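Q: The structure follows.
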Amino acid sequence: MTTDTNDFGALPLSPQVLANLTQLGYVRMTPIQAAALPLALLGKDLIAQAKTGSGKTAAFALALLANLNPRRFAVQAMVLCPTRELADQVTTEIRRLARAEENIKVVTLCGGVALRGQTASLEHGAHVVVGTPGRIMDHLERGNLDLAALNTLVLDEADRMLDMGFFDDIAKVARQCPAARQTLLFSATYPEGIAQLSKQFMKSPQQVTVQAQH
Ligand code: ADP
Ligand code: MG
């Protein structure tokens, strides 16, 4: 069997993860995945720009899962999203992509939901948290969320988060993350605020862009 360079099989992923991708019907990488994943899996910071529906979630999800030690019961990855709906979608996709591995716990932290249940989920132990910047900040201020073991920070739909006025919350959250981490920023567009975020919170980020097809 031959492996195309744009097949997931060309990536340094475990046989279990590759088998799960096949089961999900993910055989060929989308263009943004093919551009982002080889760099992300090397541990590089990335600014990835591609339109909606181009498969950005799996690009960062596979990278954060590769950095994760399931036997370590601590939050190792965090994804910031603009809305609860998007956070729920990202959580679902990470769980689907993680199901080949040992029990990986993903907890969603968004506003509009009682804090208590989220706090209880965090107490039970989470490997990955996905949520909106305000609610994540809230849990940090209450001492519910320990980021000492975090190794991957993802800013998803960064342009929308900036549109919604989340710059300060993102900055506060990012400042509480360990300096030795990988930061992945995904966006459909590249407004000025993104350059500012990357300058303040990323280390020599590589930029990958997939232009919309006309
Ligand atoms: P974006 O975040 O760029 O808007 P999503 O990550 O939500 O895009 O992906 C859009 C859709 O494409 C989802 O339904 C997802 O399951 C599917 N998808 C992602 N990557 C692949 C792939 N490599 N092969 C097939 N389907 C994919
Ligand atoms: Mg997305």
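Q: Residue 104 versus (1) more than 16 Å from ligand 2 (Cβ to nearest atom); (2) under 22 Å from residue 170 (Cβ atoms): which is the lone unmet condition?
A: Condition (2) is where residue 104 drops out.
Q: Hey, does the stretch 65-86 have a residue that's in contact (Cβ under 8 Å) with a residue 40 or more places away in the chain, more than 9 Å from ligand 1 (Cβ to nearest atom) and at positive phi?
A: Among the residues of the stretch 65-86, not one is in contact (Cβ under 8 Å) with a residue 40 or more places away in the chain, more than 9 Å from ligand 1 (Cβ to nearest atom) and at positive phi, which makes the answer no.
Q: Same structure again: Is it the case that some residue within the stretch 133-144 is free of Cβ contacts under 8 Å to residues at least 24 places away in the same chain and under 23 Å from residue 180 (Cβ atoms)?
A: For the stretch 133-144, residues free of Cβ contacts under 8 Å to residues at least 24 places away in the same chain and under 23 Å from residue 180 (Cβ atoms): present.
Q: From the list 64, 24, 39, pick out the single residue that is of a type in the set (A, V, I, L, M, F, W, C), away from ligand 2 (no atom under 15 Å from the Cβ) and in contact with a strand residue (DSSP E or B) (Cβ under 7 Å, 6 or more places away or on another chain).
A: After applying the criteria, what remains is 39.
Q: Is it fair to say residue 188 is closer than 23 Å to residue 63 by Cβ, surrounded by fewer than 21 Cβ atoms within 10 Å (Cβ to Cβ), touching a helix residue (DSSP H, G or I) at 6+ places or on another chain (Cβ under 7 Å) and of a type in the set (A, V, I, L, M)?
A: Here the answer is yes, as residue 188 does meet what is asked.
Residues checked against (1) exposed (fewer than 14 other Cβ atoms within 10 Å of the Cβ); (2) more than 26 Å from residue 203 (Cβ to Cβ):
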position	(1), (2)
11	no, no
21	no, yes
26	no, yes
35	no, no
42	yes, no
56	no, no
62	no, no
78	no, no
81	no, no
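Q: Still on this structure, I have one more. Out of curiosity, is residue 90 part of a helix (DSSP H, G or I) and farther than 26 Å from residue 166 by Cβ?
A: no
Q: Would you check which residues across the stretch 150-182 are more than 16 Å from ligand 2 (Cβ to nearest atom) and part of a helix (DSSP H, G or I) and list them?
A: Correct list: 167, 168, 169, 170, 171, 172, 173, 174, 175.
All of the numbers you see were taken from the coordinates with simple rules; none came from a lab. As the structure is a computational prediction, the values presented were derived from the model and not from experiment. Methodologically, a virtual Cβ is constructed for each residue, glycine included, from the backbone with ideal geometry; neighbour enumeration extends over all protein chains shown.
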